[in-house]
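Chemist: Below is a structure I'd like to ask you about.
The values are calculated or read from the model by the stated rules, or taken from the named source; none is laboratory data. The model shown is predicted, which means the values in this text are computed figures rather than measured ones. Backbone-built Cβ (ideal geometry, glycine too); neighbour counts: all protein chains shown.
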Amino acid sequence: MTAGNLLRLGLLGLLLALVLRPDWFTPLFTPLAPAGGPVIYARSSLLSLSLSHLGLVALASVAATLVAVTLAIFVTRPVGASFLPLSRTITNIGQTFPPVAVLALAVPALGFGSGPTLVALFLYGLLPIFENAITALSTLPPATMEAARGMGLNRWQRLWRVELPLALPVILTGIRLSVVIALGTATIGSTVAARTLGEVIIAGLLTNNTAYVLQGGLIVGLFAVLIYDAMAQLERYLAARMGG
Amino acid sequence: MRFSAPGVLFAILGGAALLAPFMTLAANRIVAGDAVPIWSVVPPGQTALGLAAVLLGLALGVPAGRAGLRMVGPLIGLAGLLWLVIQGAPALLDGAGDYARVSPAAGFWCLLVIFALLMADAITALKPGPYQRALLLAAAVAALAAVLGSGVLSPLSVLQEFSARRDAFASEATRHLWLAFGSLGMAGIIGFPLGVLGHRKPALRGAILPVLSFLQTIPSLAMFGLMIPLLSWVGATVPGARSLGIAGIGFAPVFVALVLYSLLPVVGNTVAGLAATPAQALDAARGIGMTAGQRLWRVELPIGLPVILTGLRIVLVQNIGLAVIAGLIGGGGFGTFVFQGLNQTATDLILLGALPTVALALTAAIVMDILVDLTRRLPKETP
């Protein structure tokens, strides 16, 4: 086993222990909690918060991927080509909007709860995926495309069998960026009453309980790092398969 | 006549937005307001002019290929929107009570976004150079400042919140700028030498960059949270640290977290920028007897500058956004208003924090893009 895999396994173990057996860490966190105060977050189970957090991110990311890739396919076909410059402008401007601001602006429009968080995650998640999908689909090697036409593949066959598989690694990079942003924004979503792991950190901040802050921070941080790493590994595997 | 497909789409969306509530009138700053459609914000005689301007603005986007018309259309439309709001706000407030609040609603914001996008699309099509873009930006900022400064919009709810917090707004704005630009400066001071070292020593580069990219994946709230115990420990144990203002909450943890987030773009883009110099140019520089230091300052740095500046653009836009979260841990900035507003369910207070942040991020992005373009042109113009 390589050092990298050993580290991954160790971090995964730490994460599972933090989520499933938080009591094990009581001696470690006690010095950080206010004297006599609670040490381990117990207002709701860390497992259910984690599942709700990951569920929000997964739902938003899947929806964003479907919509963004469909739109990118549309604007890179001849029929949608007139929308290409506009869509580039929108992604450029949209990505300068801070994710927190998108979340905050979703509240006046949609109210509190998981709904506005989901919408904000979805809207913001569209941009990196859309941008990468446009880049990937409009910079395919011309020789390969010519060969696909020469083989007699029709438009749909070219799209499904050649263009999308070739574009996949770059699209996946976009999805990874989008998921990482969504994990972070979902954490802040607990300030608008979405059920996420941010709740633990916020509770710690409000009651001056650093033990809570550290617990929440460690769990969210480990989730983000491990998910990012897993997706990067998947990309490397797919890219190697394409190239090889 | 040919039609522009995006123009047609925007005209349809704009038509739909006209049917949505244009403004809301509420009894006070907390309760939800009553929706007012666009045709009844002011007496019909006055609405007609503004409505006509909005419709004309949407219609001028429809024909294809007329770049000039596509610029003028959104301007007319925006003027129409502004006129409707200026006429509508006092008319709605008249006789509605002392605490009544009037604010733009979904229809207004949708039309505003549509005209802004039509305008951005038209400007992109004209392919303006860096100086023209700087001029356009200056004109836009001046127009915004003139409209806000003239007080014609002051009956609006957001500006009511502003006038109640004029001093706090100024100090939080200053704090926000300090956080964003200060962390950028600090990241430059630490990251640039690291990037130069990384460029020279591939082993070091291989060790630093993965660590920095993992730091970037840690969600901001978690990162700020992790800084709190760390910095309160430093403040408590390192002599003199507390007198420098290093403590668990407030400015210090936000600043350190922002610097950590900024290191990847700074170091990564410095390495990439310095690597962009063609091998022949370096050989030539060596051939005329330049030392390593001279090669760095006179050859590699000028050629790599656009890429390095692109890294700084990423950092600046990112930090302006992330600094909002400082509001949660007592670090100040526009986030203070956003989170106060969320706690009190006061929409206008949320907007008072979020709108300047968005405007600041957009302006910073445009200015940095202009700088990147200018440095890219430099080598061609200098002999």
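Chemist: Within segment B:187-198, is there a residue that is assigned by TED's automatic domain parsing to the domain that holds B:Leu328 and not in a helix (DSSP H, G or I)?
Modeler: no
Chemist: Restricting attention to segment B:256-271, does a residue exist that is among the aromatic types (Phe, Trp, Tyr) and under 21 Å from the mean Cα position of the chain (by Cα)?
Modeler: Within segment B:256-271, one or more residues are among the aromatic types (Phe, Trp, Tyr) and under 21 Å from the mean Cα position of the chain (by Cα).
Chemist: Being assigned to a helix (DSSP H, G or I), farther than 21 Å from A:Ile93 by Cβ and outside the structural domain of B:Thr345 (by TED's automatic domain parsing) narrows it down to one residue among B:Gly45, B:Gly65, B:Gly77; which is it?
Modeler: The unique qualifying residue is B:Gly45.
Chemist: Suppose we keep only residues that are assigned to a helix (DSSP H, G or I), out of contact with any helix residue (DSSP H, G or I) (no Cβ under 8 Å at 6 or more places or on another chain) and among the polar types (S, T, N, Q) within segment A:1-51. Which one would you say is farthest from A:Ala232 (Cα to Cα)?
Modeler: A:Thr26
Chemist: Moving on to the next point. Just wondering, is there one or more residues in segment A:98-105 that are surrounded by 22 or more Cβ atoms within 10 Å (Cβ to Cβ), part of a loop (DSSP other than H, G, I, E, B) and facing chain B (nearest Cβ under 8 Å)?
Modeler: Looking for residues that are surrounded by 22 or more Cβ atoms within 10 Å (Cβ to Cβ), part of a loop (DSSP other than H, G, I, E, B) and facing chain B (nearest Cβ under 8 Å), one finds at least one in segment A:98-105, hence yes.
Chemist: Which ones in segment A:198-244 are of a type in the set (D, E, K, R) and either more than 11 Å from every other protein chain (Cβ to nearest Cβ) or under 27 Å from B:Pro210 (Cβ atoms) (or both)?
Modeler: A:Asp229, A:Glu235, A:Arg236, A:Arg241
Chemist: Does segment A:195-206 contain at least one residue that is at pLDDT 90 or above, under 18 Å from the mean Cα position of the chain (by Cα) and surrounded by fewer than 24 Cβ atoms within 10 Å (Cβ to Cβ)?
Modeler: Looking for residues that are at pLDDT 90 or above, under 18 Å from the mean Cα position of the chain (by Cα) and surrounded by fewer than 24 Cβ atoms within 10 Å (Cβ to Cβ), one finds at least one in segment A:195-206, hence yes.
Chemist: OK, next. Need a quick list: helices (runs of 4 or more DSSP H) entirely within segment B:275-357 having at least 1 residues that are under 22 Å from B:Leu209 (Cβ atoms) and under 27 Å from the mean Cα position of the chain (by Cα).
Modeler: Of the helices (runs of 4 or more DSSP H) lying wholly inside segment B:275-357, those with at least 1 residues that are under 22 Å from B:Leu209 (Cβ atoms) and under 27 Å from the mean Cα position of the chain (by Cα) span B:301-322.
Chemist: Return the only residue of A:Arg195, A:Arg176 being among the charged types (D, E, K, R) and facing chain B (nearest Cβ under 10 Å).
Modeler: A:Arg176 is the lone residue from the list that is among the charged types (D, E, K, R) and facing chain B (nearest Cβ under 10 Å).
Chemist: Read through the list (1) farther than 14 Å from B:Phe115 by Cβ; (2) more than 13 Å from chain A (Cβ to nearest Cβ); (3) in contact (Cβ under 8 Å) with a residue 12 or more places away in the chain; (4) of a type outside the set (A, V, I, L, M), then give the number of the only condition that B:Asp34 fails.
Modeler: In the conditions (1) farther than 14 Å from B:Phe115 by Cβ; (2) more than 13 Å from chain A (Cβ to nearest Cβ); (3) in contact (Cβ under 8 Å) with a residue 12 or more places away in the chain; (4) of a type outside the set (A, V, I, L, M), B:Asp34 misses (3) alone.
Chemist: Quick one: which of B:Ala354, B:Ala365 is within 11 Å of another protein chain (Cβ to nearest Cβ) and either buried (at least 23 other Cβ atoms within 10 Å of the Cβ) or closer than 24 Å to A:Leu110 by Cβ (or both)?
Modeler: Just one listed residue meets the conditions, B:Ala354.
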